[in-house]
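One structure is given below, encoded as structure tokens.
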């Protein structure tokens, strides 16, 4: 057996597993938005054949992966994470499920470049939005307070018998922006700590721990810390989850009128 053979096999298996996860996630996120293959291809500026190949488990280049992530409003590395799902109506999600990601591609790229120059990362390795380093709160705090990162996002998502779910936590060190949701979903934001100024549809909200905002994300949302951040427990942090809003009940008097 030649030297390095086992490691090559392990890397090949990991790469195939990531391709399969990529295929499942792209297919699921496309379905969540109600897009056809051609519609996703148009949004991502790639060919329909490319989308078909990806959903068949053939993978893609880093550049195509970035285009897909932007179109699907998610992080590049999130597309390659193992798919979490069940056919049951209940899904237990342990605390260790999910990872922290850079909120912006360019900040992940810059982090990867610095680590490459320091010899800590192979020059040929794929850029990750969720490097192991930022899973540590102290590293995120260092990057955020030295203007090397504005927003970090922790994602828990998957599917169950009733549909897909998405739960995000965001740490905000600088001005951040949430783009319009092309699917027009409704979201709940709940402040966990710190203070944020949130602007949406021209309205400003000064959010503190315990405050909530429910919005139909049809316009851009911006957030920025209200106060200087000097301690880890001061980092503005909020939870954001997608909601399914039930239709309003009919007015009782109107209902009586219909019955009469």
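Consider segment 163-186. How many of its residues are part of a strand (DSSP E or B), within 14 Å of the chain's Cα centre (by Cα) and within 30 Å of residue 88 (Cβ to Cβ)? Summing the residues that are part of a strand (DSSP E or B), within 14 Å of the chain's Cα centre (by Cα) and within 30 Å of residue 88 (Cβ to Cβ) in segment 163-186 gives 7. Within segment 210-234, the set of residues being in a loop (DSSP other than H, G, I, E, B), out of contact with any helix residue (DSSP H, G or I) (no Cβ under 7 Å at 6 or more places or on another chain) and closer than 14 Å to residue 196 by Cα comprises 210, 211, 226, 227, 228. Got a number for residues in segment 135-162 being without any contact (Cβ under 8 Å) to a residue 40 or more places away in the chain and either assigned to a strand (DSSP E or B) or surrounded by 18 or more Cβ atoms within 10 Å (Cβ to Cβ) (or both)? Of the residues in segment 135-162, 1 are without any contact (Cβ under 8 Å) to a residue 40 or more places away in the chain and either assigned to a strand (DSSP E or B) or surrounded by 18 or more Cβ atoms within 10 Å (Cβ to Cβ) (or both). For residue 240, the criteria (1) surrounded by 13 or more Cβ atoms within 10 Å (Cβ to Cβ); (2) more than 22 Å from residue 32 (Cβ to Cβ) hold in every case but one, which is (2).
Of the residues examined, residue 173 is one that is touching a helix residue (DSSP H, G or I) at 6+ places or on another chain (Cβ under 7 Å) and touching a residue at least 12 places away in the same chain (Cβ under 8 Å).
Any residue at all in segment 104-122 that's part of a loop (DSSP other than H, G, I, E, B), in contact with a helix residue (DSSP H, G or I) (Cβ under 9 Å, 6 or more places away or on another chain), in the same structural domain as residue 175 (by TED's automatic domain parsing) and surrounded by 14 or more Cβ atoms within 10 Å (Cβ to Cβ)? Yes, segment 104-122 contains at least one residue that is part of a loop (DSSP other than H, G, I, E, B), in contact with a helix residue (DSSP H, G or I) (Cβ under 9 Å, 6 or more places away or on another chain), in the same structural domain as residue 175 (by TED's automatic domain parsing) and surrounded by 14 or more Cβ atoms within 10 Å (Cβ to Cβ).
The values are calculated or read from the model by the stated rules, or taken from the named source; none is laboratory data. Predicted, not measured: the structure shown is a model, and the values here were computed from it. Glycine gets a Cβ as well: all are built from the backbone with ideal geometry, and neighbour counts include every protein chain shown.
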